Amino acid sequence: MAPHGDDDHYHPKDAVSSGIMGASVAGGAGLLFAAIQNSLAKQNVGAWGVFTRGGGTITSFAAAGGIYSFSKAAAANLRETEDTWNTTIGGALAGAALGLRTMRFPRIVGYGAVFSVVMSVAEYTGGSLKGNRDPEVDEYERKQALRLNRRRPIEETLAEVGEGRSIRPPGYEERRRARLKERYGIEVHPVSADPNEAV
């Protein structure tokens, strides 16, 4: 991914403030997760159970978020480029930090690999599974162009699908009456729901 902006010069980032911000946001998410775990506990552990029982969860989340943000910014500063590889490095280190809680080397490597792949794919696709979008293209205009591109004439649809089954193009009722008269010999008179019309 190319650097953002008009010039091609890399602008250094403050890795320490990024790490602190990432740790606080991920720590908040860990606190929420620990609170949910505490509320679903079968025994009554009290309100402080969020910190006594879920302290490890909060710490793990905060450590992973801080390490991810710090290492992503530090990798960008060291490499002097802003691309997906920075996210890959940050995701690998953050996943390894989460795996450290298990104290098993295969899990440390596995968590690092999974986080690295997931975060890299998310970064590469522009933060969504729909793909990377050009920020200069108006979303409304893009959707209108897609609608016009996929719109088909009614004659083509009728030729493929046919009439009937709630598909009633102009003149359908007359053609239907003619088919019924020809096939079954039944004369069908149109009925109007307008009470002012004479029968």
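A short reminder: the numbers here are calculations on the coordinates, not readings from a lab. Bear in mind the structure is a predicted one, so any value in this text is a computation, not a measurement. All Cβ positions, glycine included, derive from the backbone under ideal geometry; neighbour counts span all protein chains shown.
Quick notes on this one:
- With all pairs of different C-alpha atoms in the average, the Kirkwood value for the hydrodynamic radius of the stretch 1-87 is 14.6 Å.
- Taking GluC sites (Glu not before Pro) in DSSP loop states with no more than 12 other Cβ atoms inside 10 Å as exposed sites, the chain has its longest site-free stretch at 1-79.
- Here Lys72 is the anchor, and the aspartates and glutamates within straight C-alpha reach of less than 14 Å, apart from those fewer than 8 places off in the same chain, are Asp14, Glu80, Glu82, Asp83, Glu123.
- Point-to-point label distance, Ala113-Arg183, nm (Cα→Cβ direction, 7 Å offset): 6.3 nm
- Subtracting the Cα-Cα distance of Asn196 and Arg101 from their residue separation scaled by 0.36 nm leaves 26.0 nm.
- Reducing the stretch 33-72 and the stretch 150-199 to their Cα centroids gives an inter-centroid distance of 66 Å.
- Computed from the Cβ-Cβ distance with R0 of 22 Å, the FRET efficiency linking Arg175 to Glu155 stands at 0.90.
- For the stretch 94-108, backbone phi angles converted through the Karplus equation (6.51, -1.76, 1.60; θ = phi - 60°) give residue-by-residue couplings of 5, x, 5, 5, 5, x, 4, 4, 7, 6, 10, 4, x, 6, 4 Hz, Gly and Pro being listed as x.
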